[in-house]
Amino acid sequence: MPLEETLLAKTYQWNEEPYLEIYKATNVGGTMKNAELLNGDVNTKYHESNAVISADGKRMYFDRNDYFEGDYDKSANGINQINLYYAENIDGKGWSAVVSAPFNNNEYSTGHPALSQDGNTLYFVSDMPGGKGGSDIYMVAINNDGSLGTPKRLGDNINTEGKELFPYIDSNGTLYFSSNGHMGIGGLDVFYAEAQGDGFGVVNNLGNGVNSPADDFAYKYDPTTQSGYVSSNREGGMGSDDIYMVEAVEIPCEVTIAVLVINENTNAAVAGARVDLYDTMGNRLSTKTSNVDGMVSFKAACDQAHEVQGVLADFESNASKVAPANDQKVSATIALKPIEEIIVEDQIVLNPILFDLDKSNIKPQAAFELDKVVSVMNKYPEMVIAVGAHTDSRATDAYNLTLSEARAQSTVQYIISKGISGKRISGKGYGETQPKVSCGDSCSEAEHQLNRRSEFTIVKK
């Protein structure tokens, strides 16, 4: 979700929950108690959140709706963005003298502030123009007079085509953040990257415990006490988002999978191919594009098997399995054939289009095969295809006819969703009326599989 949705998830219009405010609580014997609304000029009738306070306790950075000195601004398309502000604690009398960051803009969001340990650098998140993905992490110098310099986006090892959110710097200078662009367990996951020169090194997933199949974010960790906190909307919580305590994080082992994409006929490197990383359950974990050398690399759990799949227009898609490995780096090669090789007479010949039992939804493996049809039809814009879906004989005639029709239409709709005109593709379910192998009740499992198929007939070349 965009940055403004990340921070505006509790509006009356969207889910009828109150606006967010900033509170303070006291740590009593390791337990946070006595939560109360922060005094001063920080909280307004709109959203405020994500506060961080300087080491001397005199300045607080926070984000809120684009609302400053009585003005509630919206972008050209009617969105009220999130903006970054800071306030001063003058003589301990409360937070006042609120100032808008100089790089705020009502056409994009800035928020999620975090401070370096020396207090000289402010990190934040923005979807401002020039970024790599949905939202990126930036850094900006805090000058001696307290003013802010010119923002600089962190490197591509941190920022992805997805969303990077909620940065935090611990006492060792390690950066923690949440992302849905790096390989994760599900939703937003928490990642870390150790300080390296003027930037940060390799990005690693914090693994199970900290992360879950839901969204995990706003991670704070003290390496001295080996304890911290993470927010999450995982199952078992008391509300939409809850805060959890974290203790003694065990970093999971990881391996780098280096993938080379080549032309099977010439062995030449293939640039611009989409390469997807999957786990053994068919979940797509990450997507990257091969560079001029035909290479991409992924970070993955070292004790799990994976599969990498390559897709490129004018080529037949292909895949390569990657076994579990304790090495720091493993290699895989994906060989792509020119797309014409899957055209055999009046048929487009694919690997089996697999559906779950009694289901008609398109699974990732089926989508992988159907993308080949899309590539052929994109290359030959006059081509017209008829999809025929067939079942085995292990249910009633009527049921099989209905199921095969649903699968045929699901296949057609997938291909249309990829930009192919509906005038160029049709689908029909034949149930068990046209078996590939006429074996009746004595069919083996392999013969049932041959009968349970999808066929792609070229009606017009």
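The values are calculated or read from the model by the stated rules, or taken from the named source; none is laboratory data. Since this is a predicted model, take the numbers as computed values, not measurements. Virtual Cβ from ideal backbone geometry, glycine too; neighbours counted across all protein chains shown.
Results, tabulated for the structure shown:
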| quantity | calculated |
| --- | --- |
| Of residues in the stretch 232-263 being over 18 Å from residue 165 (Cα atoms) and in contact with an Asp or Glu (Cβ under 7 Å, 6 or more places away or on another chain), the one surrounded by the fewest Cβ atoms within 10 Å (Cβ to Cβ) | 253 |
| Verdict on residue 353 being in a loop (DSSP other than H, G, I, E, B) and either among the small types (Gly, Ala, Ser) or within 23 Å of the chain's Cα centre (by Cα) (or both) | no |
| Some residue of the stretch 259-270 being within 24 Å of residue 193 (Cα to Cα) and at pLDDT 95 or above | yes |
| Test: residue 178 is among the hydroxyl-bearing types (Ser, Thr, Tyr), without any contact (Cβ under 8 Å) to a residue 40 or more places away in the chain and touching an Asp or Glu at 6+ places or on another chain (Cβ under 7 Å) | no |
| Set 171, 179: member being small (Gly, Ala, Ser), more than 19 Å from the chain's Cα centre (by Cα) and under 21 Å from residue 244 (Cα atoms) | 171 |
| Members of the stretch 153-196 that are of a type in the set (Gly, Ala, Ser), assigned to a loop (DSSP other than H, G, I, E, B) and at pLDDT 85 or above | 155, 162, 171, 173, 181, 187 |
| Residue in the stretch 410-426 that is in contact with an Asp or Glu (Cβ under 9 Å, 6 or more places away or on another chain) and of a type in the set (D, E, K, R) present | yes |
| Filter result for the condition that a residue is touching a residue at least 40 places away in the same chain (Cβ under 8 Å), closer than 30 Å to residue 166 by Cα and in a strand (DSSP E or B), over 278, 229 | 278 |
| Residue in the stretch 370-384 that is over 26 Å from residue 461 (Cα atoms) and touching a residue at least 40 places away in the same chain (Cβ under 8 Å) present | no |
| Criterion violated by residue 96 - all others in (1) more than 14 Å from residue 47 (Cβ to Cβ); (2) under 26 Å from the mean Cα position of the chain (by Cα); (3) part of a strand (DSSP E or B); (4) of a type outside the set (Val, Ile, Thr) satisfied | (2) |
| Condition broken by residue 340, with the remaining ones in (1) part of a strand (DSSP E or B); (2) within 16 Å of residue 373 (Cβ to Cβ); (3) without any contact (Cβ under 8 Å) to a residue 60 or more places away in the chain; (4) of a type in the set (D, E, K, R) satisfied | (1) |
| Residue 403 assigned to a helix (DSSP H, G or I) and under 20 Å from residue 344 (Cβ atoms) | no |
| Search result, residues across the stretch 430-450 that are within 17 Å of residue 366 (Cα to Cα) and in contact (Cβ under 8 Å) with a residue 24 or more places away in the chain | 449 |
| Residue satisfying condition, being on the phi < 0 side of the Ramachandran plot, surrounded by fewer than 21 Cβ atoms within 10 Å (Cβ to Cβ), in contact with a Pro (Cβ under 9 Å, 6 or more places away or on another chain) and not hydroxyl-bearing (Ser, Thr, Tyr), within set 90, 137, 79, 53 | 79 |
| Where residue 327 falls short, out of the listed (1) closer than 21 Å to residue 453 by Cβ; (2) among the acidic types (Asp, Glu); (3) not assigned by TED's automatic domain parsing to the domain that holds residue 434 | (1) |
| Residue that is surrounded by the fewest Cβ atoms within 10 Å (Cβ to Cβ), among those in the stretch 281-293 that are in contact with a strand residue (DSSP E or B) (Cβ under 8 Å, 6 or more places away or on another chain), part of a loop (DSSP other than H, G, I, E, B) and of a type outside the set (Ser, Thr, Tyr) | 292 |
| Pair list, Cβ < 6 Å and 6+ apart or interchain, from the stretch 386-401 residues that are without any contact (Cβ under 8 Å) to a residue 24 or more places away in the chain and closer than 18 Å to residue 443 by Cβ to residues that are not aromatic (Phe, Trp, Tyr) and not in a strand (DSSP E or B) | none |
| Criterion violated by residue 415 - all others in (1) closer than 29 Å to residue 266 by Cα; (2) touching a strand residue (DSSP E or B) at 6+ places or on another chain (Cβ under 9 Å); (3) surrounded by 14 or more Cβ atoms within 10 Å (Cβ to Cβ); (4) at pLDDT 90 or above satisfied | (1) |
| Residues being surrounded by fewer than 18 Cβ atoms within 10 Å (Cβ to Cβ), part of a strand (DSSP E or B) and touching a residue at least 24 places away in the same chain (Cβ under 8 Å) - total across the stretch 99-120 | 2 |
| Residue selected from the stretch 333-349 under the condition aliphatic (A, V, I, L, M) and under 23 Å from residue 260 (Cα atoms), by the criterion surrounded by the fewest Cβ atoms within 10 Å (Cβ to Cβ) | 335 |
